[in-house]
Amino acid sequence: MLISSARRGPVDKHNILGWAISQGEDAVVALLTNVPGIHPGSLELLLNHPGTRVADLPDRELVNAADRDGNTALHRTARHGHAGVIKLFLEHPAIRVNAADRDGKTALHWAAKNGHCNATEVLLQALGIDVNPVESNRWTPLHWAAHNGHLNDGCVAALLVWAPGTEVNARDGSQWTPLHYACQRDRTRVVRILVDAANADVINARDLQGQTPLHVAVSLNRADVVRALLQADDIDIEAEDVAHQTALRIAEEKGFHDIVLLLRQRYGPAGEDIGSSSEEWSAGRPVRRRWWTPRH
C-alpha cells in the first residue's frame, strides 16, 4: 500500500522527494534516488512511516523525473541551495545535469539566481556541465548572479573562478550583459568583480540603444557603481548611445553633480572637455568638437 501511494502523481513539492530536497535531508534523498522510477507519494508517507526501508521500495529510475513545469529533482535541489543533496544526485550515472525546465532554466540557473554559492560551486564541478546555458529570455546563470548579487555576490565569483569558460560578455535579447544588470541593480561589489575579470569588449559593451554599462549606471545616479567602472583602464568614457548622448551629458542633464565630478576627474585637468563632445579624427588623433560651454 505504501508503494502504491508513493507512485501516485508527478514529482512535486508535496511528495517525499520534494520535501526531502526542500529540507536538505541528504539521507532521505539518497534512499529515494536509489529506487529510481518510483513517484514518491505524499509527505504523510514519510511522516507516518519513518521506518520505511530500502527493501520496501522497488528499484526503478526516478532521478530525472520532471513535473508539469519541467522541474526535475535536481532543479528543486539547486533552487533551495542544498549542496550536499546536489552531490548525491551528481553521483548518479543517469543524472541529466543540463536538463532545462519549461522556461529553459537549468539547475545552474536556479542556484545562481537564488544566490546559493555552495550549490553553484558543486554544479560547476559536475562532469559535462554547460556553464553558459541560455534560458527563454536569453539569460545565462551569470546574468542571474549579477542581477541578484544582493543575495550572494560569491555566485558571480564562483562562476568566474570555477568555470573559466563562463561568457562574461553574454548578451540577452536586449543585448544587455551581466555587467549592464549589475549596474542597473546597484550591485557595486559585483561590478568590481566583473570589471576585474573583463576586457574592453565587456566594459564598453553596447545594448540595442547603444548604451554601455556606464550609461546605465549614470542614468540611474549610481555613483558608487560609476566609481567602480572608472577603475577600468579600458573604459570608453566618451562612448555615445544612439541618441548621441555620452555619460557626462546624461549626468549634466539630470543634475547628478557628484557623477559629473567623477567623470571629469577621470581624465584629470582635461576632464572638463570630456563627454559633452563628439570626436572627429585627424592624423590618427581625436579632435573634440564641443557641444557645450564650460561652466565658470
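The values are calculated or read from the model by the stated rules, or taken from the named source; none is laboratory data. As the structure is a prediction and not an experimental result, all values here were calculated from the model. Note that each Cβ is placed from the backbone with ideal geometry, even for glycine, and that neighbours are counted across all protein chains shown.
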>> Can you say whether V85 is over 22 Å from H147 (Cα atoms) and either at pLDDT 95 or above or among the hydroxyl-bearing types (S, T, Y) (or both), as far as the supplied structure shows?
In response: no
> If N169 satisfies every condition in (1) farther than 29 Å from V226 by Cα; (2) of a type in the set (S, T, N, Q); (3) in a loop (DSSP other than H, G, I, E, B) but one, which is the exception?
Replying inline: (1)
> With respect to A100, is the statement that it is of a type in the set (G, A, S), modelled with pLDDT of 95 or more and either in a helix (DSSP H, G or I) or farther than 22 Å from G165 by Cα (or both) true?
Replying inline: no
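Go through Q209, Q245, Q175 for me and flag whichever is over 20 Å from V161 (Cα atoms) and either out of contact with any helix residue (DSSP H, G or I) (no Cβ under 9 Å at 6 or more places or on another chain) or of a type in the set (K, R) (or both). Walk me through how you get there before you give the answer.
Working: Q209 fails: either out of contact with any helix residue (DSSP H, G or I) (no Cβ under 9 Å at 6 or more places or on another chain) or of a type in the set (K, R) (or both); Q245 fails: either out of contact with any helix residue (DSSP H, G or I) (no Cβ under 9 Å at 6 or more places or on another chain) or of a type in the set (K, R) (or both).
Being over 20 Å from V161 (Cα atoms) and either out of contact with any helix residue (DSSP H, G or I) (no Cβ under 9 Å at 6 or more places or on another chain) or of a type in the set (K, R) (or both) holds for just one of Q209, Q245, Q175, which is Q175.
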>> Can you list residue pairs whose Cβ atoms sit under 7 Å apart, with the first residue in the stretch 201-215 being basic (K, R) and the second being surrounded by 22 or more Cβ atoms within 10 Å (Cβ to Cβ)? Count only pairs 6 or more apart in sequence or on different chains.
In response: R206/T212
> Filter the stretch 48-82 for residues that are at pLDDT below 85 and basic (K, R); which is surrounded by the most Cβ atoms within 10 Å (Cβ to Cβ)?
Replying inline: R60
> In the set N132, N118, N114, N152, which member is free of Cβ contacts under 8 Å to residues at least 60 places away in the same chain, among the polar types (S, T, N, Q) and under 22 Å from D69 (Cβ atoms)?
Replying inline: N114
